[in-house]
Amino acid sequence: MLEVTDLHAGYAGSEVLHGINLQVGDGEGVVVLGPNGHGKSTLLRVLSGLIRPHSGTVHFDGQDITGWRPDLIAAAGLVHIPQGDLLFPEMTVLENLLMGAYDRRVWKERKQRLEHVLELFPWLIERREQLARSLSGGERRMLAIGRGLMAQAKLLLIDEPSLGLAPAITERIYASIGAIKHTGLPILLADENANHVAELADRAYLLEMGLLVRECSAQELLQDETLLATYLG
Amino acid sequence: MAEFVQAVWGGILVGSVYGLMAVGLTLIWGALRLLNLAHGAMFIVGAYAALAMVAVLNLPILAGLLVGVIAAGLSGFIMHVVFIRPVLGKPGFDTATLIATVGVSIALQAAALLVFGPSVKVVPEVMAGSFTVGGTLITAQGLLVIAVAVILFVAINLFLRFSRHGMAIRAVSQQMEAASLMAVPVERTYAIVMVLSSALAGLAGVLLSSFFYLSPISGFNPMIQALIVTIFGGLGSVRGTIVAAYVVGTLGSFLQVYLGASWALPGVFLFIIVVLIARPNGLFGLAEARRL
């Protein structure tokens, strides 16, 4: 589904990712674990086209999407739920969701997509006419995920879904992501904390200083306590 | 009573005129954060294009109206592709586009001067005729301007609120990065805004140049008035701009009728200054966030 080869990328003058190799298969849940500032968000931003890579290739769903514009990558089905939610603050919950279905082909099916997303997040139904800027942190996160699901995604990129949330809400968010994964949609999740993701992930990569230093199954990861202590505190 | 009818009629008419020009400015500001100083040039492009159709090709004014709107929209598109798009998202975007739009404006005015000469022209009315209500002369063209303006204001609001492309314009203006992650082609959305806004200025140009004289510089005053209305309404807020257009138009008209023409402009400015002191972001400009 997704294949990343020798990817180098970063910001003006400084390279953050020094040759990433990574795969996500059909229906697979893959998590990239690593401390803050080591390149998790940069990796996802390169995959969704927000940052152009310096070198390397990204293949998705049988196409070479390296260097594509973000709107074209999204239309191809690689949907990025960004860190910090990036909601449309002056639009209602419903309008935010509808924007997720912007692509012409998806727009025609927006009613069915909306029903599907509201089934997963029934809480959104009551708030549909509320402006996004008036929502709480947990509500914003659910809306951001729901908006991403409105698109006809073939692979979801999710960046630190627990960031800034209270523990009780964090659990609900991961439960919803688990439910999404059970529908067969492959997910690439970037996270700091291994505890929540073990049930979602089939495989894990450890990202350190812009390099994937280790690849393992989720079970291996949880059992390897030295590793957890070293990388994930 | 006669004075009152006169003041109301004048207020609605002038408000519609201000609004037609100002909505385009506010759309561009809201979406691109760009102060388009070529907006007045799009006004004369529309008016001269219509005039050329009528005076040179002897076509009916309705055809002229259509061509004027298309010519202005096309000019906006070309300006966007040539001058705006290359600097999108680059450092110095504000100054570069400010200077570029002034440049486009000067170039179009010079072109109008070369082609049509310095003498003032009048674009024929789309609808001729008039009648009197309570001593006030109501022209058919005036009624047309009001009707067109009101229909367009409603249509633009519905477009922004419910249509796929309209919602995309709001999305891009509020959170550009997220919009692109939702598959919105940001640059094309900007182009749509530029074309729409310029076409509105062109429409205003054709309709108003039958009331006022048309000359190469006659787009300047409507643009400045529109700019004032836009700031008063809250830059980037379409609804605020429309309300502000009618408030300013009506206030000016009442001052003119009851206190005399020399009071209209100073009175309006005083009012706007007082409101802006109390609400620095304008009538509807709730801080930076409240936009399209």
Whose amide H sits under 5 Å from the amide H of A:HIS80, counting only residues 5 or more places off or on another chain, with H placed in the peptide plane? A:LEU157
Work out the charge dipole of the protein assembly as shown with +1 on the Cβ of Lys and Arg and -1 on the Cβ of Asp and Glu about the Cα centre, then indicate which of A:GLY210, A:PHE60, B:ALA171 is farthest towards its positive end. B:ALA171
Rounded to two decimals, what is the ratio between the C-alpha radius of gyration of chain A and 2.2 N^0.38 Å? 0.98
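Rounded to the nearest 5, what is the percent of antiparallel bridges among the DSSP beta bridges in the protein assembly as shown? If you can, show how the numbers build up before the last one.
Numbers: 27 of 44 bridges.
Taking every DSSP beta bridge within the protein assembly as shown, about 60 percent pair in antiparallel fashion.
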For the peptides B:36-47, A:156-167, B:84-95, A:34-45, what is the packing order when you average, over each peptide's residues, the other Cβ atoms within 10 Å and list the highest mean first? B:36-47, A:34-45, A:156-167, B:84-95
Taking Cα atoms of the stretch A:1-91, Rg/Rh with Kirkwood Rh, to two decimals? 0.96
Run through the DSSP bridge list for the stretch A:102-218 and note the antiparallel percent, rounded to the nearest 5. 60
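How much of the accessible area of the protein assembly as shown, in percent, comes from carbon and sulfur atoms when a 1.4 Å probe is used?
Details: 14200 of 22390 Å².
That fraction is 63 percent.
Dipole size in debye (nearest 20) for the protein assembly as shown around its Cα centre, Lys and Arg Cβ +1, Asp and Glu Cβ -1? Please report the intermediate quantities before stating the final value.
Details: 33 positive and 36 negative charges, 386 e Å.
Approximately 1860 debye in magnitude.
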Evaluate peptide B:182-191: per residue, the Cβ atoms of other protein chains within 10 Å of its Cβ; return the mean as an integer. 6
Taking only Cα atoms and a 10 Å spring cutoff, compute GNM fluctuations for chain B and point out the largest among B:GLU125, B:GLU177, B:GLU187. B:GLU177
Summarise the partner chain shielding of A:44-51 as one whole number: the mean count of Cβ atoms from other chains within 10 Å of each residue's Cβ. 1
Rounded to the nearest 0.05, what FRET efficiency do B:ALA128 and A:THR5 have when you use their Cβ-Cβ distance and R0 = 60 Å? 0.25
R0 = 25 Å: FRET efficiency of A:SER14 with A:THR57, Cβ-based, nearest 0.05? 0.70
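How long is the gain from B:VAL81 to B:LEU113 if the chain were fully straight, where each residue apart is worth 0.36 nm and the alpha carbon distance is subtracted?
Details: separation 32, 0.36 × 32 = 11.52 nm, distance 2.45 nm.
Length gained between B:VAL81 and B:LEU113: 9.1 nm.
Tell me the relative contact order for the stretch B:11-69 as a rounded percent, counting alpha carbon contacts under 8 Å between residues six or more apart. Provide the component values of the computation, followed by the final result.
Values: 36 pairs, mean separation 13.3, N = 59.
With pairs under 8 Å counted, the relative contact order is 23 percent.
So how strong a dipole does chain A carry about its Cα centre when Lys and Arg Cβ are +1 and Asp and Glu Cβ are -1, to the nearest 20 debye?
Working: 21 positive and 30 negative charges, 182 e Å.
About 880 debye.
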Relative contact order, percent, the stretch B:73-142 [alpha-carbon distance under 8 Å, six or more residues apart]: 16
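Taking every residue in A:89-99, how many Cβ atoms of other protein chains lie within 10 Å of its Cβ, on average?
Working: counts 5, 11, 7, 0, 0, 0, 5, 6, 0, 5, 13.
Mean shielding by partner chains, rounded to a whole number: 5.
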Which whole number in µm²/s is D for the protein assembly as shown by Stokes-Einstein, with the Kirkwood Rh taken over Cα pairs at 25 °C and 0.890 mPa s? 96
Give the interface area between chains B and A as buried accessible surface, both sides summed, probe 1.4 Å, in Å² to the nearest 100. 2400
Sites B:ILE224 and B:ARG188, calculated FRET efficiency, Cβ-Cβ separation with R0 30 Å, nearest 0.05: 0.45
Furthest towards positive pole of dipole, B:ILE106, B:VAL195, B:ALA47, structure part the protein assembly as shown, Cβ charges: B:ALA47
Working from the alpha-carbon coordinates of the stretch B:191-272, get Rg over Rh, Rh being the Kirkwood radius. 1.00
Pseudo-spin-label distance B:VAL150 to B:VAL120, built 7 Å along Cα→Cβ, given in nm, is 3.0
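Taking only C-alpha pairs under 8 Å that are 6+ residues apart, what is the relative contact order of the stretch B:67-210 in percent? Walk me through the intermediate numbers first.
On the way: 103 pairs, mean separation 61.7, N = 144.
Value for the stretch B:67-210: 43 percent.
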Could you bin all the Cα-Cα distances of chain B into 5 Å bins starting at 0 and give me the percent of pairs in each, rounded to whole numbers? 1, 6, 12, 16, 18, 17, 14, 9, 5, 2, 1, 0
Among B:LEU181, B:ALA7, B:PHE162, whose Cα lies farthest out toward the positive end of the dipole of the protein assembly as shown, if unit charges sit on the beta carbon of Lys, Arg (+1) and Asp, Glu (-1)? B:ALA7
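Can you compute the charge dipole magnitude of chain B about its Cα centre, using +1 on each Lys and Arg Cβ and -1 on each Asp and Glu Cβ, nothing else charged? Give it in debye, rounded to the nearest 20.
Numbers: 12 positive and 6 negative charges, 113 e Å.
Dipole magnitude for chain B comes out near 540 debye.
The values are calculated or read from the model by the stated rules, or taken from the named source; none is laboratory data. Small disclaimer: the values here were computed from a predicted structure and weren't measured. Quick reminder, even Gly has a Cβ in these numbers, built from the backbone with ideal geometry, and neighbours come from all protein chains shown. For accessibility, only protein heavy atoms count, side chains too; no ligands or nucleic acids. Shrake-Rupley method; radii C 1.70, N 1.55, O 1.52, S 1.80 Å.
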